[in-house]
Amino acid sequence: MSMSQAQLSALVQRVLQRVEDGGGGRIAAVAGGGTVEGVYPTLDAAVAAANKAQQTLEWHRSMADRSRIIEAMRAMMRDNLETIARLAVEETGLGRVDHKVIKNRLVTNKTPGTEDLTSQVWTGDHGLTLYEFAPWGVIGAICPTTNPSETVICNAIGMIAAGNAVVFQPHPSAKRVTHLTIGLLNRAIVSAGGPPDLITTIAEPTMDTATALMKHPGIRLLVVTGGPGVVKAAMASGKKTIAAGPGNPPSLCDETADLEKAARDMVNGASFDNNIICCDEKEFIAVASIADALKGHMRQAGAFEADADQTERLMKAILATDRGPGQHSDVNKKFVGKDASVILREIGINVGPEVKMVLAEVNRNHTLLHTEQLMPVIPFTRVRDFHEGLELAREVEHGYGHTSSIHSRRIDRMSEMARVMNTAIFVKNGAHYSGLGEGGEGPTSFTIAHPTGEGLTYARHFSRMRRCALVDALRIV
Ligand code: NAD
């Protein structure tokens, strides 16, 4: 599946040219045997093409064919991680190339394929009953700007494994990288014997095309990944919806933790892709007796600690509106996903790339504790003891049920916090990305559907459950 640099450049150029031309139909075949398909000028055309492809997949391809297609998609993405990561940072201005390579590799390798679909069988005196995972048909998937290619890769693998086609709505400010990822995946699908157009998209995505996708009669299932607005709109659409929304994940460290390791994990987690991943640590809470020691280890691990005056100046820069104590504020988009050095330069502090994040000690009512900042400026609050910390963690998580963590050696506290927080992802003694399978066990997904309850979403969630009863026969005993 490896592409030469020349082939890749030609492909990138064709996809980008198509985007600049404003669509106009399918992209023609390219050298190397595959086709670059999928970018359509209208939503109707994108849905119609995906529908045709889905029927071919469901009726004329086997499960083994689907597995081969998924393997080809993985191989194609492995060969193009760096290109995709660079384009994502260049186009969106968010995050870091090295971390985007890690994220794209994670979804490429650890998103489950057809192996996620395990049928069930019941047998008895009255025969045999099958319970199987069937496709929905054409899925409409809306992507965020924070993980544009990662969401396409993991959604496409899971959705196609389950026998669906998908029409993606790129975030308008991540259009080029989304189109390129779709072009590469379609090329892999066709080269593995799959139908063209299993993945389609719109040449010029806008808020209107997102709304139209939610209402389109050809879309059977909506899968949306983004902030509160898109989740609310999708859930009001009347269609079956899997919604992955915002969070504000706290990380609590108690006096029994291995402080050096906890500090390293917390700093690495909170600074991962400059904090734009929804499950990244967004606030630190520490028991007072170890708070100073923990901060010392955090500074060693790459945190710059802002003093009170610097913190105040930083807030003026990074908050667009400060709604005051205990309230969620709006952040200044100019600093979302930027390096810590860029943010600090705004208040006249020059640091090098060794600084991964800014640490700002604040009181428990500070607006930054309550705000999903999506940038590497992390509030740090000290509490009397574990129980006060747990209460604060619960308050700042705002009941999203997204992600939280504890650093502790007390098993009873790990269990209590897991129960009380009730989040889709709970991490014990690790960075939050471990909960996505990066440095932790288990499969991955970048669509964490906490509002609709699926949690991390895989092929099985993109399936309709169907049952077939074979009455009084077909047993072997
Ligand atoms: P965003 O909500 O601005 O955009 C996401 C997508 O939804 C875009 O394609 C956008 O065009 C569309 N959209 C936005 N509002 C809409 C509306 N009212 N109607 C129709 N479409 C609409 O989000 P973003 O800035 O791209 O991403 C960051 C947000 O997404 C953060 O809040 C983050 O926590 C969340 N997120 C969640 C997950 C998860 O798995 N739970 C994953 C990634 C991002």
| remark: Of the residues in segment 319-329, those that are within 16 Å of the ligand (Cβ to nearest atom) and either free of Cβ contacts under 8 Å to residues at least 24 places away in the same chain or in contact with a Pro (Cβ under 6 Å, 6 or more places away or on another chain) (or both) come to Ala320
| message | Please go through segment 275-291 and give me each residue that is away from the ligand (no atom under 13 Å from the Cβ), touching a Leu at 6+ places or on another chain (Cβ under 7 Å) and of a type outside the set (A, V, I, L, M), ordered by number. | response | Glu283
| task | Determine whether Leu374 is closer than 22 Å to Ala431 by Cβ, touching a Cys at 6+ places or on another chain (Cβ under 7 Å) and not in a strand (DSSP E or B). | result | no
| message | Can you report the number of residues in segment 378-422 which are outside any helix (DSSP H, G or I), aliphatic (A, V, I, L, M) and more than 16 Å from the ligand (Cβ to nearest atom)? | response | 2
| remark: Of Thr225, Thr256, Thr241, the only residue that is outside the structural domain of Phe304 (by TED's automatic domain parsing), within 22 Å of Val427 (Cα to Cα) and open to solvent by less than 50 Å² (accessible area, probe 1.4 Å) is Thr225
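Residue by residue, here is whether (1) in contact with a helix residue (DSSP H, G or I) (Cβ under 6 Å, 6 or more places away or on another chain); (2) within 23 Å of Glu260 (Cα to Cα); (3) of a type in the set (D, E, K, R) holds:
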position: Ile378; (1), (2), (3): yes, yes, no
position: Glu395; (1), (2), (3): no, no, yes
position: Ile406; (1), (2), (3): yes, yes, no
position: Ser415; (1), (2), (3): no, yes, no
position: Gly437; (1), (2), (3): yes, yes, no
position: Thr444; (1), (2), (3): yes, no, no
position: Gly455; (1), (2), (3): no, no, no
position: Leu470; (1), (2), (3): no, no, no
| query | If you check Thr108 against the conditions, is it more than 24 Å from Gly226 (Cα to Cα) and not charged (D, E, K, R)? | reply | no
| request: Scan Thr118, Thr146, Thr129 and give me the residue that is outside any helix (DSSP H, G or I) and touching an Asp or Glu at 6+ places or on another chain (Cβ under 9 Å). | output: Thr146
| query | If you check Ile189 against the conditions, is it over 22 Å from the mean Cα position of the chain (by Cα) and open to solvent by less than 10 Å² (accessible area, probe 1.4 Å)? | reply | yes
| task | Please give the number of the condition Pro250 fails out of (1) more than 10 Å from the ligand (Cβ to nearest atom); (2) touching a residue at least 60 places away in the same chain (Cβ under 8 Å); (3) within 30 Å of Phe380 (Cα to Cα); (4) open to solvent by 10 Å² or more (accessible area, probe 1.4 Å). | result | (4)
| Matching option when the condition is out of contact with any Leu (no Cβ under 6 Å at 6 or more places or on another chain) and within 16 Å of the ligand (Cβ to nearest atom), among Lys316, Lys333, Lys356 | Lys333
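The values are calculated or read from the model by the stated rules, or taken from the named source; none is laboratory data. Bear in mind the structure is a predicted one, so any value in this text is a computation, not a measurement. Cβ sites come from the backbone with ideal geometry, for glycine too, and all protein chains shown count toward neighbours. In case anyone asks, the SASA skips ligands and DNA or RNA and just uses the protein heavy atoms, side chains included. Shrake-Rupley method; radii C 1.70, N 1.55, O 1.52, S 1.80 Å.
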